[in-house]
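The values are calculated or read from the model by the stated rules, or taken from the named source; none is laboratory data. These numbers come from a predicted model, not from an experiment. Cβ: placed from backbone, ideal geometry, glycine included. Neighbour counts: every protein chain shown.
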């Protein structure tokens, strides 16, 4: 038996730093810092430049380990094998990111799995470094997952302020956990056990966040066919529960058999049956469902099984559950309208999506970025020039202090209205919902908790003054407490005053 190789202490330290960089969340400041530490350069060095230099140094050290060719991982002692393996994965991943990104763009237009020569090339490279076929195929799938997650989180959720940076970081951790090494070791095929609850006011982008999660799950790679097991375009199955009357929700969720009820003239598959084992179902407006439906959904979350309406067969659900609501769940739970046991099955991770008003307070330039993003998605010609005209119209019509009560959804429609009419004057009725009359009515009825009252008053003042510090001065609260009220409970300031 040949003697196992051991790394020199300098190489061991370098590969340890590369390993730290490889498993760091790319949407946090820590990733750029980890790359700089691995290379030993000053903090002011640019990220792309540091990464290119780090990869060049890594290539040089890997080549030195095997002057006759590629380093064979099987030749290294156990601890050092893990170090070199991570370095090899880091190097191979970055060598193929452009090709994997091309595959993502191609796959976005197809519901059937595309041929994936980029993935086959990654697989061949990993085999050449001595990875077993099963381990190599798993890492190909993880590489593809990494690029999809980065693509959908970065491009689907634009914004440079602290709240959006934190949101992107939280979404990445939701996919790969806060410990990516543990994810690769033991959790990559167990994420269906972790459900996610997205909270935020209407129009903030909960659907975009859910889509980024749902399209970024682990999808196995089959070396025999050179394709992934399915297209990520079919992996995300959304349903807006508020669209259906209570009598039809169960059928839409679980399906029904022919003759199960009046009008059931043929068999129908619900969203749980249509969701693949590698996919995720998105239950939007979960706060609107009645208790009987909550109980049946609870069973799916607990036992991973369900039965179609009018059927006796037991079907298994193996996907992941993402839910969202703009309702104040704390209040619904206190009132008995939302079951505690159901909530606790949904809340493996609770992620709050910030309001547009908060985002613009933190980073006013986000308005320009969002307008440009909306126009790009509309695929209009000369969107850069149009963006300037749209922003000028917004400045004339509502100004930069406008509260945007409809959040990003309102901004999207404002852009369309400006393209049609040349102007946008704001949404006065919606903006008035948080106004003094609505707050006075709620106070007169006496149906606000102390927390809801404080949040509502902070929201009212913030809408007027657009400053944490000014709201803090007027309320006597610390500005951080004001920010917490605005960010953590966006619906508390709009507790359906007109509908109670």
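Of all residues assigned to the range 172-181, at least one qualifies as being surrounded by 18 or more Cβ atoms within 10 Å (Cβ to Cβ), part of a helix (DSSP H, G or I), in contact with a strand residue (DSSP E or B) (Cβ under 7 Å, 6 or more places away or on another chain) and at pLDDT 95 or above.
The sole residue among 148, 105 that is surrounded by 20 or more Cβ atoms within 10 Å (Cβ to Cβ) and within 28 Å of residue 280 (Cα to Cα) is 148. Looking at the range 77-152, the helices (runs of 4 or more DSSP H) lying wholly inside it that each contain 2 or more residues that are at pLDDT below 95 sit at 78-95, 117-128. Scanning the range 418-450 for residues that are surrounded by 15 or more Cβ atoms within 10 Å (Cβ to Cβ), assigned to a helix (DSSP H, G or I) and at pLDDT 80 or above gives 418, 419. Condition check for residue 387 on (1) in contact with a helix residue (DSSP H, G or I) (Cβ under 6 Å, 6 or more places away or on another chain); (2) in contact (Cβ under 8 Å) with a residue 24 or more places away in the chain; (3) surrounded by 20 or more Cβ atoms within 10 Å (Cβ to Cβ): one failure, at (2). Taking the conditions exactly as written (surrounded by 19 or more Cβ atoms within 10 Å (Cβ to Cβ) and under 23 Å from residue 177 (Cβ atoms)), does residue 253 satisfy them or not? Spelling it out, it is not the case that residue 253 is surrounded by 19 or more Cβ atoms within 10 Å (Cβ to Cβ) and under 23 Å from residue 177 (Cβ atoms). Checking each residue in the range 398-417 for being in a helix (DSSP H, G or I) and under 28 Å from residue 468 (Cα atoms) picks out 407, 408, 409, 410, 411, 412, 413, 414, 415. Checking the structure you have, find out if any residue of the range 225-245 is in a loop (DSSP other than H, G, I, E, B), under 30 Å from residue 30 (Cα atoms) and touching a strand residue (DSSP E or B) at 6+ places or on another chain (Cβ under 7 Å). Checked against the condition, which is being in a loop (DSSP other than H, G, I, E, B), under 30 Å from residue 30 (Cα atoms) and touching a strand residue (DSSP E or B) at 6+ places or on another chain (Cβ under 7 Å), the range 225-245 yields no hits at all.
What do you reckon, is residue 263 modelled with pLDDT of 95 or more, more than 23 Å from the chain's Cα centre (by Cα) and at positive phi? No.
Among the numbered conditions (1) under 28 Å from residue 279 (Cβ atoms); (2) out of contact with any helix residue (DSSP H, G or I) (no Cβ under 6 Å at 6 or more places or on another chain); (3) in the same structural domain as residue 401 (by TED's automatic domain parsing), tell me where residue 376 comes up short. Looking at each condition in turn, residue 376 falls short on (2).
Within the range 39-47, identify whether any single residue is within 29 Å of the chain's Cα centre (by Cα), part of a loop (DSSP other than H, G, I, E, B) and at pLDDT 85 or above, and answer yes or no. Scanning the range 39-47 turns up no residue that is within 29 Å of the chain's Cα centre (by Cα), part of a loop (DSSP other than H, G, I, E, B) and at pLDDT 85 or above.
Looking across the range 293-321 at every residue that is touching a helix residue (DSSP H, G or I) at 6+ places or on another chain (Cβ under 8 Å) and without any contact (Cβ under 8 Å) to a residue 40 or more places away in the chain, the one that is surrounded by the most Cβ atoms within 10 Å (Cβ to Cβ) is identified as 300. Taking (1) touching a strand residue (DSSP E or B) at 6+ places or on another chain (Cβ under 8 Å); (2) over 17 Å from residue 280 (Cα atoms); (3) outside any helix (DSSP H, G or I) in turn, residue 203 satisfies each apart from (1).
For (1) under 25 Å from residue 306 (Cα atoms); (2) touching a residue at least 60 places away in the same chain (Cβ under 8 Å), each residue gets a yes or a no:
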residue: 205; (1), (2): no, yes
residue: 210; (1), (2): yes, yes
residue: 227; (1), (2): no, yes
residue: 233; (1), (2): yes, yes
residue: 238; (1), (2): yes, no
residue: 243; (1), (2): yes, no
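Yes or no, residue by residue, for (1) closer than 30 Å to residue 467 by Cα; (2) under 16 Å from the mean Cα position of the chain (by Cα); (3) not assigned by TED's automatic domain parsing to the domain that holds residue 205:
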| residue | (1), (2), (3) |
| --- | --- |
| 290 | no, no, no |
| 304 | no, no, no |
| 307 | no, no, no |
| 310 | no, no, no |
| 317 | no, no, no |
| 321 | no, yes, no |
| 331 | yes, no, no |
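All told, residue 413 falls short of being out of contact with any helix residue (DSSP H, G or I) (no Cβ under 6 Å at 6 or more places or on another chain), surrounded by 13 or more Cβ atoms within 10 Å (Cβ to Cβ), within 14 Å of residue 463 (Cβ to Cβ) and at pLDDT 85 or above.
Among the residues examined, residue 77 does not qualify as farther than 15 Å from residue 228 by Cβ, in contact with a helix residue (DSSP H, G or I) (Cβ under 8 Å, 6 or more places away or on another chain) and in contact (Cβ under 8 Å) with a residue 12 or more places away in the chain. Does at least one position in the range 355-368 carry a residue that is under 22 Å from residue 214 (Cα atoms), loosely packed, with under 13 Cβ neighbours inside 10 Å and in contact (Cβ under 8 Å) with a residue 60 or more places away in the chain? Within the range 355-368, none of the residues are under 22 Å from residue 214 (Cα atoms), loosely packed, with under 13 Cβ neighbours inside 10 Å and in contact (Cβ under 8 Å) with a residue 60 or more places away in the chain.
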